[in-house]
Amino acid sequence: MVIAESKVECMVVHRVGNPTRGEPLQLSERTTAVDEAVSGLLLDGYLKGIVSDRKKHQFVHETDLNLNEVYHYTRQFFRGEVDFLEVSQRIAKHLYGRSQHPNISAGDLLVIQFAGLSDGDREVRALGVFKSEIRDDFLTIIEGGGVFDISHASGINPRLIDKGALILEHGPTVYAVDRLSREAKFWLDDFLKALRVPDKASSSKMLASVVEQLSSEIEDPMQQARFKDELLTLVESQPEEVQAKALTAAAERFVPREQVEVALGSAAESYGFELDDEARLPAKGMAKQLEKTLSRYGVGHGISVLLPSGITLKNIQSQNDGEGGLSLTLFLNKREQ
C-alpha cells in the first residue's frame with residue numbers, strides 16, 4: 001500500500017463509553033474542521049502507524065461476509081449509499097454495543113476519510129477508525145510580556161495508536177492494531193471480526209512456537225534432544241524453503257498427531273490465523289527461529305540448561321551420592337551444519 005500522496009478528506013469525533021458502567025454514547029452531529037497541521041499529524045501518526053504487512057487482516061463472518069457489520073457499513077459508504085457522517089455514527093453505535101466487557105475503557109472515536117492511497121494499480125479511498133482510550137499529559141510553554149510560563153495540557157498522541165483500523169475501498173482487507181489487547185480482545189474479535197493475514201515471517205514465528213511447545217511436552221530428555229536435532233537438520237538441509245507440513249510430519253514421529261493439532265490450534269488463537277500446511281517458509285529464517293526457541297534442554301530432575309547454537313545433547317549421566325547430593329554429567333555434540 002502506497003500512502004505518499006494520501007490526504008485527509010474529512011474527520012469526525014464521537015465519544016464511546018461502556019454501557020455496563022452506564023457511560024453514554026455521544027455522537028457528533030457534524031464533521032470536525034481539519035487544518036493543515038492537524039492533517040499532517042493524522043497522516044504521519046495514524047496512517048503511517050497502521051499501514052504495515054504485520055497489521056494486515058481481513059474481515060470474516062461465520063456465514064456471510066455481508067453480515068459483518070463494519071464491512072457492511074463501510075461498503076455502503078464506498079458505494080455512495082450513506083454519507084460520511086452517517087457511516088461514522090453507525091460504526092460508533094456498533095462499537096458501543098460491543099463494549100460490554102468490564103475492562104473496556106471509554107474513549108474518543110476518530111473516524112477519518114483518507115484519499116489518494118494506492119494499491120499499486122489504482123488510487124483507493126479508505127476509512128480510518130481509531131479509538132483513543134488513554135490521554136497523554138503534556139507541558140506547554142506560554143510566552144507573554146517577556147515572561148515564560150509553563151502550563152499543563154492533556155490530549156491524544158496520534159503516534160501511539162490504542163486501537164485502530166484502516167478499511168480499504170476494495171475487498172475485505174483491513175489494517176488493524178490493538179495495543180491494549182491483553183485486557184480485552186474485543187476490538188478484533190467482536191467489533192471488527194477480522195483475522196490476521198499471515199505472511200512468511202509471522203508463519204515462521206508461529207510454527208517455531210508450536211515446535212517449542214511440543215518439545216516442552218516431551219518428558220524424556222534424550223527423546224527431546226533427538227526431536228530438536230531432527231527438526232533442525234530437516235530445516236538446514238533445505239536450500240531455500242521448507243514446507244510447514246514437512247515439519248509437522250517430523251514432529252508426529254515423536255508426539256501423537258492429536259497433540260500436534262492441539263498445539264497448532266492454540267497457536268492459531270494466539271496469532272489470529274491458521275497455519276497453511278502448504279505454506280513454504282524461508283529455510284534460513286526458520287532455522288534461526290528454531291535455534292532460538294530450541295536452545296533450552298530439559299535434563300531431568302526439573303533442571304533445564306541452555307545450550308549455545310550448534311551444540312546438541314548426546315547423553316546424560318546422573319549419580320546420587322546417597323546424602324541428597326546429585327551429580328549430572330552432560331555429553332554434548334557439535335552439530336554438523
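The values are calculated or read from the model by the stated rules, or taken from the named source; none is laboratory data. Note that this is a predicted model, so its numbers are computed, not measured. Here Cβ is always computed from backbone atoms with ideal geometry, including for glycine, and neighbour counts include all displayed protein chains. The area values use the complete protein model at the heavy-atom level, side chains included, leaving out ligands, DNA and RNA. Shrake-Rupley method; radii C 1.70, N 1.55, O 1.52, S 1.80 Å.
For the range 1-129, what does the accessible surface come to per residue with a 1.4 Å probe? Please give it in Å².
Per-residue accessible area for the range 1-129 comes out at 50 Å².
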Under a cut-off of 16 Å between alpha-carbon atoms, report the aspartates and glutamates in cross-link reach of K7, not counting same-chain residues fewer than 8 places apart. D35, E36, D44, D119, E123, E169
Just how many pairs of Lys in the range 223-337 have C-alpha atoms closer than 14 Å, counting pairs that are eight or more places apart or on different chains? 6
Theoretical gain in end-to-end length, K245 to E29 [0.36 nm per residue, Cα-Cα removed]: 72.4 nm
Compactness relative to 2.2 N^0.38 Å, alpha carbon Rg of the chain: 1.30
Any idea what diffusion coefficient the range 1-121 gets from Stokes-Einstein, in µm²/s, Kirkwood Rh on alpha carbon pairs, 25 °C, 0.890 mPa s? 153
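After finding the eigenvalues of the alpha carbon gyration tensor for the range 247-337, what semi-axes result from the square roots of 5 times each, listed largest first in whole Å? Write out the running numbers ahead of the final one.
Numbers: eigenvalues 212, 64, 28 Å².
In descending order, the three semi-axes are 33, 18, 12 Å.
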Quote the accessible area belonging to H152 in square angstrom, nearest 10, computed with a 1.4 Å probe and with ligands, DNA and RNA left uncounted. 120
Size of electric dipole in the chain: Cβ of Lys, Arg +1 and of Asp, Glu -1, about Cα centre, debye, nearest 20: 220
So what is the relative contact order of the range 174-276, in percent, for Cα pairs below 8 Å that sit 6 or more residues apart? 32
Give the calculated FRET efficiency between D136 and S216 to the nearest 0.05, with a Förster radius of 41 Å applied to their Cβ-Cβ distance. 0.55
May I ask which residue of A249, Q58, G298 lies farthest towards the positive end of the charge dipole of the chain, with charges of +1 (Lys, Arg) and -1 (Asp, Glu) on Cβ and the Cα centre as origin? G298
Setting aside same-chain residues fewer than 8 positions from K185, which lysines have a Cα under 28 Å from its Cα? K48, K55, K56, K93, K131, K163, K193, K200, K205
How large, in percent, is the carbon and sulfur part of the accessible surface of the chain at a probe radius of 1.4 Å? 48
Determine the order of T20, T248, T173 by accessible area, beginning with the largest, at a probe radius of 1.4 Å. T20, T173, T248
Taking the full set of protein chains and a 1.4 angstrom probe, give the accessible area of R122 in square angstrom, rounded to the nearest 10. 120
Expressed as a whole-number percentage, the relative contact order of the range 96-173 with C-alpha contacts under 8 angstrom and at least six residues apart is 28
If you take the C-alpha gyration tensor of the range 125-263, multiply each eigenvalue by 5 and take the square root, what semi-axes do you get, largest first, in whole Å? 48, 21, 15
Principal-axis tilt of helix 283-293 within the chain, Cα atoms, nearest 10 degrees: 80
For the range 231-278, with every protein chain kept in place, what is the accessible area per residue (1.4 Å probe, Å²)? 55
For the chain: relative contact order, % (alpha-carbon pairs under 8 angstrom, 6 or more apart): 16
